[in-house]
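Take a look at the structure set out below.
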Amino acid sequence: MSKVDVAVTIAPYEGKDEQLKSDLIREKENIDIIELRIDQRESLDFKELEKLLKDLKNIDIKAKVLVTYRTAVQGGKGSKNGKDYYEFLQDLIQIEGYNMIDIEWEETQTDTLLQLIAQAQAAGLEVVLSQHDFEQTPNLEALKFTYFKMNKLGADILKIAVMPKERQDVLNLLEALATSAESVQAKSVGIAMSHLGLVSRTAQGVFGGAISYGCLGEPQAPGQIHVRKLKELLNLYEINK
């Protein structure tokens with residue numbers, strides 16, 4: 001059983017930042033990682049982003065900051081894709097003030113991804129290599145093979161998130177996660193979204209997963225629960241192991 005970090009997903013909007021700060025401070029004991037979703041922002045000006053990161057750093061909380069630009073292709077609100085997406089990430093890597101970066105996995109872009117991951121790690125960033133399917137859950141062998149292929153790129157953390165349609169989908173995701181956690185050098189994360197897949201969030205550590213994502217208010221992904229409850233449920237497995 002692995003230790004699981006709780007990541008809170010936030011997408012700050014102008015005018016609500018003060019409330020968000022107070023919420024983060026109140027829940028700081030339940031948060032290990034702050035995932036800053038920037039794909040939902042109207043402006044992607046890097047000076048504004050640097051200010052936002054500085055504000056997060058000034059909050060009395062020791063959590064790492066993970067910056068994520070989720071493309072529409074993988075279920076986010078970001079309009080960038082292909083070359084524009086990779087060039088944006090190259091610029092993002094140059095910014096200081098955060099600890100981790102999410103890079104979306106695309107099988108046909110191995111060379112580009114290898115370069116991006118190396119650049120990010122050289123800049124001192126941990127890389128979460130992620131793959132999301134908001135429509136379905138691939139079969140068990142496909143899930144295992146995806147983790148295997150992702151691992152070859154040298155990222156620090158491998159994340160797969162899928163949409164289950166039936167209980168077997170959740171079981172397949174958890175088995176693939178457990179296999180990856182036992183066989184690859186990188187840390188692994190596996191999430192079955194929606195209420196059906198809630199067990200994948202709360203029992204993440206049982207299957208070797210490294211991170212479970214929660215929220216402070218409105219969920220940023222299907223099936224997310226409040227970080228306080230998430231931490232409580234994760235600890236339940238720790239206490240009784």
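Things worth noting here:
- No other residue among LEU216, LEU174 is at pLDDT below 95 and touching a helix residue (DSSP H, G or I) at 6+ places or on another chain (Cβ under 6 Å) apart from LEU216.
- Only listed residue being in contact (Cβ under 8 Å) with a residue 40 or more places away in the chain and in contact with a strand residue (DSSP E or B) (Cβ under 8 Å, 6 or more places away or on another chain), chosen from ALA72, ALA11: ALA11
- Among the numbered conditions (1) under 13 Å from the mean Cα position of the chain (by Cα); (2) among the aliphatic types (A, V, I, L, M); (3) farther than 30 Å from ASP111 by Cβ, the only one that ILE211 does not meet is (3).
- Considering region 66-85, and only residues there that are part of a loop (DSSP other than H, G, I, E, B) and of a type in the set (Gly, Ala, Ser), the residue that is surrounded by the most Cβ atoms within 10 Å (Cβ to Cβ) turns out to be GLY76.
- Residue selected from region 86-117 under the condition among the acidic types (Asp, Glu) and assigned to a helix (DSSP H, G or I), by the criterion surrounded by the fewest Cβ atoms within 10 Å (Cβ to Cβ): ASP111
- Pairs meeting the criteria (first residue in region 51-66 and closer than 13 Å to ARG37 by Cβ, second residue surrounded by 12 or more Cβ atoms within 10 Å (Cβ to Cβ) and basic (Lys, Arg), beta carbons under 9 Å, at least 6 apart or on different chains) are LEU52/ARG41; LEU56/LYS21; VAL65/LYS57.
- Evaluation of LEU56 against (1) closer than 23 Å to VAL4 by Cβ; (2) over 15 Å from the mean Cα position of the chain (by Cα); (3) not in a helix (DSSP H, G or I) (one fails), failing number: (3)
- Conditions (1) of a type in the set (Lys, Arg); (2) crowded, with 19+ Cβ neighbours inside 10 Å; (3) touching a Gly at 6+ places or on another chain (Cβ under 7 Å); (4) more than 20 Å from LEU158 (Cβ to Cβ); number of the one not met by LYS54: (2)
- Subset tally (residues that are in a loop (DSSP other than H, G, I, E, B) and more than 15 Å from GLY214 (Cα to Cα)) for region 15-34: 2
- Candidates ILE34, ILE25: the one that is over 19 Å from the mean Cα position of the chain (by Cα) and either surrounded by 19 or more Cβ atoms within 10 Å (Cβ to Cβ) or among the β-branched types (Val, Ile, Thr) (or both) is ILE25.
- Taken together, the residues in region 118-143 that are in a helix (DSSP H, G or I) and surrounded by fewer than 20 Cβ atoms within 10 Å (Cβ to Cβ) amount to 7.
- Residue within region 209-231 that is over 20 Å from ILE34 (Cα atoms) and either in contact with a strand residue (DSSP E or B) (Cβ under 7 Å, 6 or more places away or on another chain) or of a type outside the set (Ser, Thr, Tyr) (or both) present: no
- Those residues of region 85-119 which are under 16 Å from the mean Cα position of the chain (by Cα) and aliphatic (A, V, I, L, M), in sequence order: LEU89, MET100, ILE101, ILE103, ILE117
- Residue in region 148-159 that is of a type in the set (S, T, N, Q), more than 15 Å from the chain's Cα centre (by Cα) and surrounded by fewer than 17 Cβ atoms within 10 Å (Cβ to Cβ) present: no
- If you go through region 37-50 and keep only what is among the charged types (D, E, K, R), surrounded by fewer than 17 Cβ atoms within 10 Å (Cβ to Cβ) and within 11 Å of PRO12 (Cβ to Cβ), you end up with just GLU48.
The values are calculated or read from the model by the stated rules, or taken from the named source; none is laboratory data. Nothing here was measured: the structure is a model prediction, and the numbers come from that model. FYI the Cβ positions are ideal-geometry reconstructions off the backbone, even for glycines, and counts take in every protein chain you see.
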